[in-house]
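Every number here is computed from the coordinates shown, using simple stated rules; none is lab data. Please read all numbers here as calculations on a predicted model, not as lab measurements. Here the Cβ positions follow ideal geometry from the backbone for every residue, glycine too, while neighbour counts run over all protein chains shown.
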Amino acid sequence: MSSTSSSAAQPGAQQLQKKPIYFGPFEVTNQVFLTTAHSFALVNLKPLLPGHVLVCPLVPHRRLTDLSPVEVTDLFTAVQRVQRMLARHYFLPFAPRSSSSSSSLSPSQPPAVEEEHGGSFNIALQDGPEAGQTVAHVHVHVIPRIRGATAKPASTSTDAVYEQMASEEGNIGGALWDRDHRQLREKKGENNHNGDGDKRPVPGGGFPSIEDAARVARGMEEMEEEAGVYKRVLELMEAEGL
């Protein structure tokens with residue numbers, strides 16, 4: 001993998017950086033800090049918490065199932081790399097690892113995020129507009145939760161981050177639309193890649209509020225029946241070569 005943020009980046013990575021990178025219809029070249037063969041990672045125009053970044057395929061696929069197996073592997077390998085980078089940046093200042101724990105790792109075994117201590121992650125993908133996707137380009141949200149700072153309170157049953165992702169607070173497409181249209185107004189008469197015309201993306205995809213007391217555990221017979229339905233659908237797909 002190559003990071004476009006490093007001054008020691010390889011010539012090929014520097015050439016790739018010169019080529020504009022788009023997140024859906026929006027140019028985000030200067031927000032990109034990592035590029036790989038098939039993916040890129042960018043800082044978020046509207047982060048919900050410090051370190052909230054996005055990882056996307058270079059090809060602007062709309063849905064996760066549109067990606068090839070190679071692209072899927074590259075995308076989630078990039079997600080793991082970004083997690084490790086964010087853990088080093090945000091978690092280690094709070095709970096630095098001992099030298100003994102890091103020296104036991106071989107070069108082929110990168111440190112697990114859990115070993116960084118000091119925090120956890122939300123990893124989320126809103127796959128389509130009904131799920132709250134406001135930019136029609138697959139993107140994985142990577143959100144560090146710093147212990148003692150931005151972690152989910154243990155006293156609450158729900159995590160506000162998921163509610164924020166489905167609200168205007170998490171409307172990335174709307175924020176990018178606002179930015180591009182503001183720039184367009186400031187540069188009247190100049191060509192500008194301003195995205196989706198006059199239609200501002202709207203947030204959505206929130207889960208209905210359900211009290212835990214109303215959620216009753218299902219019986220094994222019901223779950224076996226559902227599993228059987230899915231097995232038969234998979235068999236049909238396999239027979240169709242899908």
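Between F26 and residues 5 or more places away or on another chain, which pairs have amide H atoms under 5 Å apart, with H built 1.01 Å from N, and which residues are they?
none
Considering amide H positions built from the backbone, and no H for Pro or chain starts, which residues 5 or more places from V135, or on another chain, come under 5 Å of its amide H?
Long-range HN contacts for V135: G173.
Just order 61-73, 121-133 by mean Cβ neighbour count inside 10 Å, highest at the front, would you?
On the way: 61-73: 13.4, 121-133: 16.3.
Ranked from most to least packed, the peptides come out as 121-133, 61-73.
With θ set to phi - 60° and the Karplus curve 6.51 cos²θ - 1.76 cosθ + 1.60, what are the ³J(HN,Hα) couplings of the stretch 63-68 in order, to the nearest whole Hz, using x for Gly and Pro?
10, 4, 6, 7, 6, 6
F40's amide H: which non-local residues (gap 5+, or another chain) put their own amide H closer than 5 Å, with H modeled 1.01 Å from N in plane and none for Pro or chain starts?
Those qualifying (amide H under 5 Å, at least 5 residues apart or on another chain) are C56, L58.
Of the peptides 135-143, 228-236, 18-26, how do they stack up when ordered by the mean number of other Cβ atoms within 10 Å, highest first?
Working: 135-143: 22.1, 228-236: 9.9, 18-26: 16.2.
Top of the packing list down: 135-143, 18-26, 228-236.
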